[in-house]
Every structure is written in C-alpha cells, then in structure tokens.
Amino acid sequence: MCYQITKSPNYHSCLRGFTLIELSIVLVIIGLISGAVLAGRDLIRAAELRSIVTEYENYQSAFRIFQDKYSALPGDMSDATAFWGTATNCPGDDTTPSNDEKTCNGNGNGIIEYHYSAAVPSTELHRAWQHLSNAKLISGHYTGVQATSANIRTFSYENSPSSKFKNSIWTCVSYGHRPSTDLYWWEGNYNNQLGFRGTTASGFDSVKLSPADARNIDIKLDDGKPQYGKVRTMRKNLHPSCTTTNVEATTDYDLTSNVTDACQLLFLPFQYGVSIKDSQFCYPCEVSEIFIN
C-alpha cells in the first residue's frame, strides 16, 4: 500500500506500509523461531540429564568390576599398595596428593569411609577414585586426598570425577545409618553411596539440580520420592528449596521452587536396613535399567 506525501509543490514521495497479511507472516516467523529456541533448550536440558544417568551407570559398572577383580571396594582395599605402590605418608595423610599411581591402603571393612577428625583421618572416599583410575576402569587422574581446602569433605576436580553437567562432580562416600530424628538426612543406610553434586567448597551440602530435574531422574530410576528408595535428596533443613517439608511422611519435591541449584542426588547402594556385610551386593548403587525421555 502506497501513501502520497507532499512536502512542497514540486516534491512528492511514496511511503509503503505493511499489509495485514505481511504482518501476519512476520508474526508467524517470529513464533516459529521462538518455538525452535525453546524446543532446542529443552532438548539440551534433556541431554544433560541423560548424561547424568549415563555417568551413573558407568561408575556403577566400574565399582562392580573392581570388586569382582580385586575382591575389595576401591578406597577400602587393604592391599592396594601391593598393586600400585605406596604413596607418601600412608596410611593417614590427607593433604599430600599422589601424582602417579602410588596410593594408600584402606582398612578393608567393606565401607568407603571418611572422618571429620584430623586426629583420625581417612582418605578412602578420595582414594576410591584413584583406585578405579589405577585399575583403568575410569578415565582421569585423581590425587587421592582432599582438595586445597582443609576439609575432609572437600571434593573437587582434583580428587573426584567431573560430570558433563556443568560445574558438577561425582563422589562416593559413607555416612552410615541415619535415624528418623536426623536434621539433615532421611532415615536410612548411607554407606557406599554415590553422590551427584556441585563443586562448592564443602561437597556435603553443595547442590546442582532444580527440584523438577531431580524428580525427573528419581522417577526414571526409582519411586520419584525424595525421602524414600535408592535415589534421594537431603532434608529441607539443609536444602530449603528442594523439598516441600521436613516431614518424611508428607514431603515431596518442591515443584513451585524457581531455584535452579536446589538439590543434590544421593544414590544408595541397597535397601534401608541391610548392612554392607549382610547385603547381596557390596558395590554401590545397584539398579537394573535406566531411561530418561
């Protein structure tokens, strides 16, 4: 459509506007582009969540193969130095990293341990990944000791495997049996469990997943409940944006939360009430089949 505009008796110009059909076409194109961007973002997120499951399966398999081969759990293995040599200041040093395969023995009690006390240090939780790497069951080099922070709970890319999910790592550690009165843990046996978490200074309370993403993985692997089964989170006391309440009977993932870094996932090795000595499986995180759509 053309409009004649006269600026002077001897000057004429023609300005062309958009017709309704042309405007409609532009709006349709914008809608298609927006839809493609949103769909692409969802596909990327689904792929990231799928990578967590793949990594979980790989580490589960690595622990199983290690135990079958060495009749021990990595980190807890009491004769590891016979295979890979003795690291500096074994058995109790928690700060001198290993730059090669040399390592320290565990105590062989069937639990990948750690201790808060500097007087009774334990590097089993960190040596576990070094032992798996030494056995060529996982890729990467791991120091076998705590990270630079003077905290046995400190996990980093130095001593734990990184995830393809941004700024996240995997840990394997035992927290023992937690009673129903525990402020931070749901009741259960947390020995030899794998953890998926962020890379903050203290791996104990670092978080990485939104409640919706954590629930997505939980549903595919387990029962979709943050307080039950073999896929769990922490209580609301510790992670206030992850679950709805601290009441075990009624809590659920807080799907109203807009916090993207709200939850960490814990993958328990076997059902509550069965100790590692009594369990059919001594390696962490036994599951059957895993899918994420």
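Could you tell me the calculated FRET efficiency between Asn89 and Lys136, based on Cβ-Cβ distance and R0 = 35 angstrom, to the nearest 0.05?
Efficiency computed from Cβ-Cβ geometry: 0.85.
Place a label point 7 angstrom from the Cα of Glu48 along the Cα-to-Cβ direction, then list the residues of segment 203-233 whose backbone nitrogen is under 15 Å away. Counting backbone N atoms under 15 Å from the label point, the list is 207-217. Each Cα pair under 8 Å and six or more residues apart adds its sequence gap; the mean of these over the residue count of segment 56-267 is a relative contact order of 14 percent. Positive end of the dipole of segment 56-267 (Cβ unit charges, origin at the Cα centre): among Trp186, Val173, Thr233, the Cα lying farthest that way belongs to Thr233.
Volume per residue for segment 56-267 equals 113 cubic angstrom (convex hull of Cα atoms). Taking +1 at the Cβ of each Lys and Arg and -1 at the Cβ of each Asp and Glu, which of Ala82, Ser133, Leu221 sits farthest along the dipole of segment 56-267 towards its positive end, judged by Cα position relative to the Cα centre? Projecting each Cα onto the dipole axis, the largest value belongs to Leu221. Of the residues Thr244, Thr251, the one with the fewest other Cβ atoms within 10 Å heads the list, and the complete ranking is Thr244, Thr251.
Rule-based calculations on the coordinates, nothing more; no lab input. Every value quoted in this text rests on a predicted model; they were computed, and no experiment measured them. A quick note on method: Cβ atoms are made from the backbone with ideal geometry, for glycine too, and the neighbour counts reach across all protein chains shown.
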